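Enquirer: I have a structure here, written as structure tokens, and I will follow up with some questions on it.
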Amino acid sequence: MLEYITQGVGHSGFEDGKLPVLLHIESSRIGETGQAQHFHADHAELLLVQKGSCQVSIAGGQETMQAGDFVLCSAGEPHACWTQDERQATVISCGVSHLMCRGRAENCFLEPSERPIVHAGEGSQALEQLLLALMQAAQDPNGQSGEICSYLSAAAVLLALRLQRAVTEQMEQARYSLGVRTQLYLDRHYTEPLTLDSVAQAMGVSKYHLDRVFLTGAGCTPMQYITRRRIARAQMLLASTDQSVQRIALQCGYNSYTYFTSVFRKAVGKSPREYRMMIRGTTDSRKT
């Protein structure tokens, strides 16, 4: 234990070891009217949903947050919070100034490219307990409460950032796994009559999520990937066999010779017959 503590010295998560200053912390109920869009020019704010669920807009996006989720609002970043219908949510808001997270601009939790909304769920129980302890310390008239609040604020910020990194890594791993599983599935079944709906059903996700995740990882949509695999196989068969173009079309998942020819021409720049003649260096066009 002593060795662990010694190794941690000098590795503060804040620039020059400077701790943030607590400006406010409170627990409040958010209703349908909620908080109008606003920003804080001189401090950062951490919002944690303690009970219920609410809508949050920040960084150009809008998401539903459940109990345990939180959002990291850097200075100058417009955000709003409200509930749907007549439901209410309890939200803890904690504002800090002089926030100097290592490698970040002042009063900024994250880089602009990082996700400020963290779906931590039950994983944020320790963060909630820290914030509740901070709230209690802030209400304590004892002369040492200011120093205690500073340390608790620092601990809450560091824990929130650790949770944000952990959740982000889990999301990236999940996207990677989904992308790999989808690619393997397409490699096995690309000659079959696949649709985005059928592939998404096989992967157990919505077609919109699958399309977005696969595009991010592979640089193309699942349907574009299928087309590339089919055309690549067609090119191989045209170059290495004497099968007719119509038979090759069927082997590559195309029931329509006309449609296959259209897709092939769009992808390669030549019709299947012209491609075969070019690749073989011959004018023999008997196999159509």
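The values are calculated or read from the model by the stated rules, or taken from the named source; none is laboratory data. Predicted model, so just to flag it, every value in this text is computed and none were measured. Side chains are part of the model used for accessible areas, which takes the heavy atoms of the whole protein and leaves out ligands, DNA and RNA. Shrake-Rupley method; radii C 1.70, N 1.55, O 1.52, S 1.80 Å.
Enquirer: If you fit an axis through the alpha-carbon atoms of helix 222-240 and take the longest principal axis of the Cα set of the chain, what angle between them do you get, 0 to 90°, nearest 10?
Expert: 30 degrees
Enquirer: I would also like to ask the following. Bin by bin, in steps of 10 Å, what percent of the Cα pairs in the chain do you find, going until the bin that has the longest distance?
Expert: The distribution over the chain is 6, 21, 22, 15, 12, 11, 9, 4, 1, 0, given as percents.
Enquirer: Excluding residues fewer than 8 places away in the same chain, name every one of the aspartates and glutamates whose C-alpha is closer than 16 Å to that of Lys18.
Expert: Hits, sequence-local ones excluded: Glu106, Glu147.
Enquirer: Any chance you could give the angle, 0 to 90 degrees and rounded to 10, that helix 207-218 forms with the longest Cα principal axis of the chain?
Expert: For 207-218 against the chain, the angle is about 80 degrees.
Enquirer: Can you give the angle from 0 to 90° between the axis of helix 125-138 and the longest principal axis of the chain, with both taken from C-alpha atoms, to the nearest 10?
Expert: 30 degrees
Enquirer: Oh, and also: State whether segment 1-118 is rounded, prolate or oblate according to the following rule on the C-alpha gyration tensor (a ≥ b ≥ c being the square roots of its eigenvalues): a/c under 1.5 gives rounded; otherwise a/b larger than b/c gives prolate, and the remaining case gives oblate.
Expert: Here segment 1-118 falls in the prolate category.
Enquirer: Moving on to the next point. Comparing Gln84, Gln246, Gln125, which has the greatest mean-square fluctuation in the GNM of the chain with Cα pairs linked when under 10 Å apart?
Expert: Gln246
Enquirer: When only Cα pairs under 8 Å and 6 or more residues apart are kept, what is the percent relative contact order across segment 228-279?
Expert: After rounding, I find 35 percent.
Enquirer: May I ask you to list the aspartates and glutamates whose Cα is less than 17 Å away from that of Lys51, ignoring any residue fewer than eight positions away on the same chain?
Expert: Partners within reach: Glu26, Glu32, Glu63, Asp69, Asp85, Glu86, Glu122, Glu128.
Enquirer: Kindly sort Ile279, Ile226 by accessible area of their heavy atoms, largest first, with the probe set to 1.4 Å.
Expert: Descending accessible area places them as Ile279, Ile226.
Enquirer: Hey, can you find the accessible area per residue of the chain for me, probe 1.4 Å, expressed in square angstrom?
Expert: Ligands and nucleic acids excluded, the figure is 57 Å² per residue.
Enquirer: If you don't mind, there's one more thing I want to ask. Looking at segment 51-138, I'd like the Rg to Rh ratio, where Rg is from alpha-carbon atoms and Rh is Kirkwood's inverse mean 1/r.
Expert: 0.96
Enquirer: For segment 217-288 and segment 100-116, what is the separation of their C-alpha centers, rounded to whole Å?
Expert: So the two Cα centres are separated by 50 Å.
Enquirer: Still on this model: Report, to the nearest whole %, how much of the accessible area of segment 1-142 belongs to carbon and sulfur atoms, 1.4 Å probe, protein only.
Expert: Of all accessible area on segment 1-142, carbon and sulfur atoms account for 50 percent.
Enquirer: To continue, here is another question. Using helices alone, I'd like the mean residue ellipticity at 222 nm for the chain: each DSSP H run of four-plus residues gives -39500 (n - 2.57), total over residue count, nearest 500.
Expert: -15000 deg cm²/dmol
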